[in-house]
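Below: one structure, written as structure tokens.
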Amino acid sequence: MDYKDLANLIFPDAKDISYYEEKYPERNLPEGAVVTRYAPSPTGFVHIGSLFQVLVSSMMAKKTGGVNFLRIEDTDQKREVEGAIVSVINSLKDFGIEFDEGMVNEEEGKGNYGPYKQSQRKEIYEAYAKYLIAQGKAYPCFASPEELEELRAKQEAAKLRTGYYGVWAKYRNLSVEEAVEKIKNGEQYVIRLKSPGNEEKKIKHKDVIKGNVEFPENDQDIIIIKGDGLPTYHFAHAVDDHLMRTTLVVRGEEWFSSVPTHLQLFYVLGFKPPKYAHIPTIMKMDGESKRKLSKRKDAEAAVDYYTEEGIPKESVLEYLLNIANSNFEIWRKQNPDKNISEFDFQINKMGVSGALFDMVKMLDVSKNVISRMSAEDIYNKVNEWAQNYDNELFEMLKDKEYSLKVFGIERGNSKPRKDISKWSEVKDNILYMYNDKFDKNAEYEYGKISDKKEIDKIVKLYIEKYFDINDDKQTWFDKMKDLAEELGYAREVKMFKTEPDKWPGHVGDISTVIRVSLTGRQNTPDLYEIMQVLGKDTVVERLS
Ligand code: GLU
């Protein structure tokens, strides 16, 4: 009996690997095109770090005319969640990310390199495991959990590296006859790689992001097929990324230390390894120290949070690019009107360690992104968001023509307003522009001038003598100064500053009175524009 007999006993129906090698040929792509992928397990949850990763891989595929596909890694069946694939697809679609190939719903995929869900690829893994067993490069291991526990205890007591390797790998050198007998007796087993590695030797490797590194060779006889017949992540990664002809693996840095194992698997299987780009983990400051953005503790770890809060996808992507390439900020300053897809993203210029995520900075970026949008664009986006998340706002926006004017205040000029960072802020921000939402009887916080009689006097005189909706901005402003002067206030702020004792206040304090009476707030965008949009009747009504 030889290894082939053992292989046939374990996987009697598995095909010869030549079948798959022919079925999934090298891709015919332009020179330099990369094939990359996103390979989540189907939990349905998309972490902001995953979006970061997908953004990087999709930009690399686009930039080079390559392919970016979606593969679902469901070999750990405990972690499965109903409807998870569609939910991942939709969450990413919210950010404009769509895959060229891969799963399109829970069961089906598109593209010539499928199936794109690992549980549908069982026979493929079996073929490659059989291929290794037949050459004596993999073997059935019958170690029970108790045996493994005992092994570990011995290694720990002797202060040795733990694991299943070398002389500790008890079933590594079992004869074919012994193995066959155990299998025939119905003993449980997994399939392990017979690692050709030597811990003492080093391998040199170059990560696309992390640069040159040296690792000790892998010498662990890792499991490739588990007791349930499904492959481990390691084995599936090698088989899938080979057959799907991936050339660039972009994945989280938690996999970085597995590189020696993976390179060894590619070598043993006779595959050309892909390039690896390990993406730094997204961290946040927690007091004085950094920690991972956590799914449990941090709402902002989930990409759906941004959608729900109404932080535009453009802002999120722009912020992530800021983290990814430090020269992005300069590029944005020089090219304020360009789309981010025009930025020449450089994967090898990414930071090497934990990227720091800062919500304040993200909202700041968002204010700038929104300030560059047209009133029409904002209207459409707010309207869409409100339809899903804020009924009252959705109703307010029904008068499109009027709402466009509201959003047009201080916009479309060279210094557009920057007071909106997310759509969930909009309602509060524009409420006073809608007559039925404006509470005329509320007690407002006035500024420096808070005496009721004085306020009455100012407002009255303004309506009677100075207010004319047809004034242009300069005239309107001059009249505000005249009003201040007539009431005994300084007509220029500068005048007041040089001799503050001479007046009870200045033109700014006077216009604050008008502003608060009209809007209920001390800070608003340009008051002249607000009055123009409110219209004569509303202005008079509110001031009266
Ligand atoms: N399923 C693995 C994960 O979710 C994929 C890692 C990879 O991209 O290869 O971490």
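The values are calculated or read from the model by the stated rules, or taken from the named source; none is laboratory data. In this text the structure is predicted, and so the values were computed from the model without any measurement. Backbone-built Cβ (ideal geometry, glycine too); neighbour counts: all protein chains shown. To get the accessible areas, we keep the full protein, side chains included, count just its heavy atoms, and leave off ligands, DNA and RNA. Shrake-Rupley method; radii C 1.70, N 1.55, O 1.52, S 1.80 Å.
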- Considering segment 342-384 alone, what residues qualify as being among the polar types (S, T, N, Q), under 13 Å from residue 322 (Cα atoms) and open to solvent by less than 30 Å² (accessible area, probe 1.4 Å)? 366
- Taking first residues from segment 28-48 that are farther than 20 Å from residue 254 by Cβ and second residues anywhere that are in a loop (DSSP other than H, G, I, E, B) and within 11 Å of the ligand (Cβ to nearest atom), the pairs with Cβ under 7 Å that are 6 or more apart or on different chains are 35/246
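Conditions tested, residue by residue: (1) within 12 Å of the ligand (Cβ to nearest atom); (2) modelled with pLDDT under 95.
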position	(1), (2)
33	no, no
36	yes, no
41	yes, yes
46	yes, yes
49	yes, yes
54	yes, no
57	yes, no
61	no, no
67	no, no
- Note on the structure: Selection over segment 54-89 where residues are in a helix (DSSP H, G or I), in contact with a Ser or Thr (Cβ under 7 Å, 6 or more places away or on another chain) and surrounded by 18 or more Cβ atoms within 10 Å (Cβ to Cβ) yields a count of 4
- Task: Look at residue 469 and say whether it is closer than 22 Å to residue 521 by Cβ, under 49 Å from the mean Cα position of the chain (by Cα) and surrounded by fewer than 17 Cβ atoms within 10 Å (Cβ to Cβ).
- Result: yes
- Query: In this structure, is residue 212 without any contact (Cβ under 8 Å) to a residue 40 or more places away in the chain, more than 18 Å from residue 71 (Cβ to Cβ) and more than 14 Å from the ligand (Cβ to nearest atom)?
  - Reply: yes
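Of all residues in segment 274-296, which are away from the ligand (no atom under 15 Å from the Cβ), under 17 Å from the mean Cα position of the chain (by Cα) and open to solvent by 20 Å² or more (accessible area, probe 1.4 Å)?
Here is the first cut: in segment 274-296, the residues away from the ligand (no atom under 15 Å from the Cβ) are 283-291, 293-294, 296.
If we keep only those that are under 17 Å from the mean Cα position of the chain (by Cα) as well, we get 283-284, 293-294, 296.
Scanning segment 274-296 gives 283, 284, 294, 296.
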- Message: Against the definition (part of a helix (DSSP H, G or I), within 26 Å of residue 415 (Cβ to Cβ), open to solvent by less than 50 Å² (accessible area, probe 1.4 Å) and in contact (Cβ under 8 Å) with a residue 40 or more places away in the chain), how does residue 455 come out, yes or no?
- Response: no
- Message: Tell me yes or no: at least one residue of segment 411-425 is modelled with pLDDT of 95 or more, surrounded by fewer than 14 Cβ atoms within 10 Å (Cβ to Cβ) and under 23 Å from the mean Cα position of the chain (by Cα).
- Response: no
- Mind listing whichever residues of segment 258-275 are within 16 Å of residue 233 (Cα to Cα), out of contact with any Pro (no Cβ under 6 Å at 6 or more places or on another chain) and in contact (Cβ under 8 Å) with a residue 60 or more places away in the chain? 260, 264, 265, 269
- Matching residues, segment 243-255, being within 13 Å of the ligand (Cβ to nearest atom), open to solvent by less than 40 Å² (accessible area, probe 1.4 Å) and either over 15 Å from residue 53 (Cβ atoms) or part of a helix (DSSP H, G or I) (or both): 244
- Message: Can you tell me which of (1) assigned to a helix (DSSP H, G or I); (2) open to solvent by 10 Å² or more (accessible area, probe 1.4 Å); (3) within 16 Å of the ligand (Cβ to nearest atom) is the one residue 131 doesn't meet?
- Response: (3)
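Based on what the data block shows, is residue 253 modelled with pLDDT under 95 and either hydrophobic (A, V, I, L, M, F, W, C) or under 30 Å from residue 59 (Cβ atoms) (or both)? Lay out the reasoning, then the answer.
Working: modelled with pLDDT under 95: yes; either hydrophobic (A, V, I, L, M, F, W, C) or under 30 Å from residue 59 (Cβ atoms) (or both): yes.
Against the criterion (modelled with pLDDT under 95 and either hydrophobic (A, V, I, L, M, F, W, C) or under 30 Å from residue 59 (Cβ atoms) (or both)), residue 253 qualifies.
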- Message: For segment 385-404, which positions are closer than 21 Å to residue 418 by Cα and surrounded by fewer than 18 Cβ atoms within 10 Å (Cβ to Cβ)?
- Response: 402, 404
- In segment 192-213, anything assigned to a strand (DSSP E or B) and either within 26 Å of residue 138 (Cα to Cα) or of a type in the set (Phe, Trp, Tyr) (or both) is listed as 192, 193, 202, 203, 204, 205
- Message: Quick test for you: out of 502, 479, 437, pick the one residue that is open to solvent by 20 Å² or more (accessible area, probe 1.4 Å) and over 30 Å from residue 407 (Cβ atoms).
- Response: 502
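Is there a residue in segment 282-292 that is touching a helix residue (DSSP H, G or I) at 6+ places or on another chain (Cβ under 6 Å), assigned to a strand (DSSP E or B), closer than 22 Å to residue 255 by Cα and of a type outside the set (D, E, K, R)?
Step one: list which residues in segment 282-292 are touching a helix residue (DSSP H, G or I) at 6+ places or on another chain (Cβ under 6 Å), which gives 282.
Next cut, assigned to a strand (DSSP E or B) only: 282.
Narrowing further to those that are closer than 22 Å to residue 255 by Cα: 282.
Those left that are additionally of a type outside the set (D, E, K, R): 282.
Within segment 282-292 (the criterion being touching a helix residue (DSSP H, G or I) at 6+ places or on another chain (Cβ under 6 Å), assigned to a strand (DSSP E or B), closer than 22 Å to residue 255 by Cα and of a type outside the set (D, E, K, R)), the answer is yes, since at least one residue qualifies.
Answer yes or no as to whether residue 271 is crowded, with 21+ Cβ neighbours inside 10 Å and either within 30 Å of residue 32 (Cβ to Cβ) or within 16 Å of the ligand (Cβ to nearest atom) (or both).
Numbers: crowded, with 21+ Cβ neighbours inside 10 Å: no; either within 30 Å of residue 32 (Cβ to Cβ) or within 16 Å of the ligand (Cβ to nearest atom) (or both): yes.
When the stated conditions are applied, residue 271 does not pass them.
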